[in-house]
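Let me begin by presenting the structure, written as C-alpha cells, before commenting on it.
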Amino acid sequence: RPGSRPTQRGFSLVELMVVVAIVAVVSGAVIYAGSVGGGERRLESEARRVVAVLRAVCDAAAIEADFLAFGFGARFYAGYRLERTGWEPIKASGPMRPYELPPGISLASSDTDTPLPPELPAAPQVLCSPGGDIGPIDLQLMAAGAAPGWRIRLDREGRLRALQADES
C-alpha cells in the first residue's frame with residue numbers, strides 16, 4: 001500500500017542485547033556449577049598427578065641408573081636427587097619438580113596418625129633404586145570438607161595406583 005511502512009525484518013538492537021545477556025547468565029551458571037562440583041574432579045586429577053610424578057621419578061632412576069627419591073609434605077611433593085650435600089628436591093622444570101597442592105587439598109601418610117609438616121622434608125620418604133627396588137607407600141589425598149578422598153598406593157610388586165579411598 002502506498003504510504004504504509006514496510007514490515008520490519010530482523011531483530012532490533014535491544015532484542016539482540018537481551019539474548020546476549022541471557023546467554024552470558026546461562027554460561028556463567030554452567031561455569032559456576034562446574035567449579036563447585038569440580039572439587040572431586042580436582043582431587044582425582046591431583047591424585048593422578050602425584051602418581052605420575054612418582055612414576056616419573058622411579059622410571060628416571062631406572063633409565064639413568066641412579067638413585068632418585070620422592071618426598072612429600074602435607075602441601076608439597078617432589079622428586080629428589082642425591083647431591084654431594086645430601087638429598088635435594090629436583091629444581092629443574094619438568095615432571096619431577098616440586099609441586100604445591102591447590103588450596104584445600106592435602107597429603108597425609110596412611111601409615112601414621114602424625115600429621116605431615118606442610119613443606120617438603122629434608123630427606124625423601126620413598127627411594128627409587130636403579131634396579132627398580134622400591135618400598136611400599138600408602139598416601140591419602142584429602143580435600144577439606146570432601147570425603148572420602150583418594151589413596152595413592154605402591155606395593156612391593158611395584159604397582160602404583162590412585163584409588164578412591166572407599167575402593168581400598
Original post:
Can you spot a residue in region 47-62 that is of a type in the set (Val, Ile, Thr), without any contact (Cβ under 8 Å) to a residue 24 or more places away in the chain and in a helix (DSSP H, G or I)?
Top reply: no
Original post:
Just one of the numbered conditions (1) without any contact (Cβ under 8 Å) to a residue 60 or more places away in the chain; (2) among the hydrophobic types (A, V, I, L, M, F, W, C); (3) surrounded by 11 or more Cβ atoms within 10 Å (Cβ to Cβ) is not true of residue 92; which one?
Top reply: (3)
Subject >> Only one of 118, 124 that is modelled with pLDDT of 90 or more, out of contact with any strand residue (DSSP E or B) (no Cβ under 6 Å at 6 or more places or on another chain) and assigned to a loop (DSSP other than H, G, I, E, B) >> reply: 118
Original post:
Can you name the residue in region 99-108 that is without any contact (Cβ under 8 Å) to a residue 40 or more places away in the chain and either touching a Phe, Trp or Tyr at 6+ places or on another chain (Cβ under 6 Å) or in a strand (DSSP E or B) (or both) and, of all such residues, is farthest from residue 143 (Cα to Cα)?
Top reply: 100
Original post:
Residue check: is residue 78 out of contact with any helix residue (DSSP H, G or I) (no Cβ under 7 Å at 6 or more places or on another chain) and either outside any helix (DSSP H, G or I) or of a type in the set (Asp, Glu) (or both)?
Top reply: yes
Original post:
Within region 145-168, can you find the residues that are modelled with pLDDT of 80 or more and out of contact with any Pro (no Cβ under 7 Å at 6 or more places or on another chain)?
Top reply: 149, 150, 151, 152, 153, 160, 161, 162, 163
**OP:** Kindly indicate whether any position in region 128-137 is of a type in the set (A, V, I, L, M) and either free of Cβ contacts under 8 Å to residues at least 40 places away in the same chain or assigned to a loop (DSSP other than H, G, I, E, B) (or both).
**Re:** no
Original post:
If you scan region 75-102, which residues turn out to be under 14 Å from residue 122 (Cα atoms) and small (Gly, Ala, Ser)?
Top reply: 78, 79, 86
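The values are calculated or read from the model by the stated rules, or taken from the named source; none is laboratory data. Bear in mind the structure is a predicted one, so any value in this text is a computation, not a measurement. Cβ atoms come from the backbone with ideal geometry, glycine included; neighbour counts cover every protein chain shown.
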